[in-house]
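K.L.:
First the structure, which I've put down as structure tokens, then a few questions once you've had a look.
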Amino acid sequence: MLRRHSKLILLAIALAPIPALAKDKLPPETFAATVPVAPAPLPGNGSIFQGAYVPLTSGGRAGAIGDIVTIQLVERTAATKSNAAGTQRDGSVSLTPPATGPLSLFNPSDIGMGGGQQFKGKGDASQSNALSGEVSVTIAAIYPNGTMLVRGEKLLTLNRGDERVQISGIIRAIDISPDNRVLSTRVADANIRYVGKGEIARASKQGWLQRFFSIISPF
């Protein structure tokens, strides 16, 4: 009976989710497209033209909820770090016994002491990332200071899996070009995600049992 309970405990531990490797799941509406809302009808004032006023200088530039903005992904980061340390220490003590007296029994080679210590350490680390492309998103909210919340995603279904590019963040109206494009480096509080699933993505990951032993391994 005890052996049976032990096997059940080990099986439960192996099948339990691993917190350190849990996926960062976000609500589905985080990158959902925003549909423009129909404006409320304006009260009649006797004028022939009752529509909302749009400045001629704005042209077709996005500026309302539901408008489309294209985010140009130009992300490129690089980081390097190196560290080195070295110490060295030497010491020696020697005594020459007198030629006469009780201590003359010792030879000069019988009394001597020496020691040495040396340490060297070095570490290097480097990392670089690059992401390019374009993702069209929609304006989800407009704040009183003129900044706008944009969010959206692009889903590519390939023959070997799915690729998904998601982005959300805050942009300024002044950063929108005449053709409604904004550089990703101009997006504040940007949340850019590039994820994939399928046999290619599964092949590049460790199995659940191997991940479990990698966590509990002391080496």
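Read-outs throughout are calculated quantities, based only on the coordinates presented, and are distinct from any laboratory measurement. Treat the numbers as computed from the prediction; the structure is a model and nothing was measured. Note that we place each Cβ from the backbone using ideal geometry, even for glycine, and neighbour counts take in every protein chain shown.
K.L.:
Quick one: order Val137, Val93 by neighbouring beta-carbon count within 10 Å, fewest to most.
P.N.:
Ranking Val137, Val93 by Cβ neighbours within 10 Å, fewest first, gives Val93, Val137.
K.L.:
While we're here: I need the calculated FRET efficiency for the pair Asn83 and Val37, taking r as the beta carbon distance and R₀ as 41 Å, to the nearest 0.05.
P.N.:
Efficiency for this residue pair is about 0.15.
K.L.:
If R₀ is 41 angstrom, what is the calculated FRET efficiency for the pair Ser126 and Asp175, using the beta carbon separation as r and rounding to 0.05?
P.N.:
0.85
K.L.:
Here's something else I'd like to know. Using only Cα atoms, locate the centre of the stretch 133-186 and the centre of the stretch 58-82, then give the distance between them in Å, rounded to an integer.
P.N.:
6
K.L.:
Can you give me the relative contact order of the stretch 131-219 as a percent, contacts being Cα pairs under 8 Å and 6 or more apart?
P.N.:
Relative contact order, the stretch 131-219: 22 percent.
K.L.:
Go through the stretch 175-182 residue by residue and turn each phi into a ³J(HN,Hα) via Karplus (6.51, -1.76, 1.60, θ = phi - 60°); whole Hz please, and just put x for glycine and proline.
P.N.:
Computed from phi, the couplings for the stretch 175-182 are 8, 7, 6, x, 9, 6, 10, 9 Hz.
K.L.:
In what order do Tyr194, Tyr143 fall by count of nearby beta-carbon atoms within 10 Å, going from fewest to most?
P.N.:
Tyr143, Tyr194
K.L.:
A follow-up question, please. Going by average Cβ density within 10 Å per residue, which order do the peptides 202-214, 67-79, 155-167, 115-127 take, highest to lowest?
P.N.:
67-79, 155-167, 202-214, 115-127
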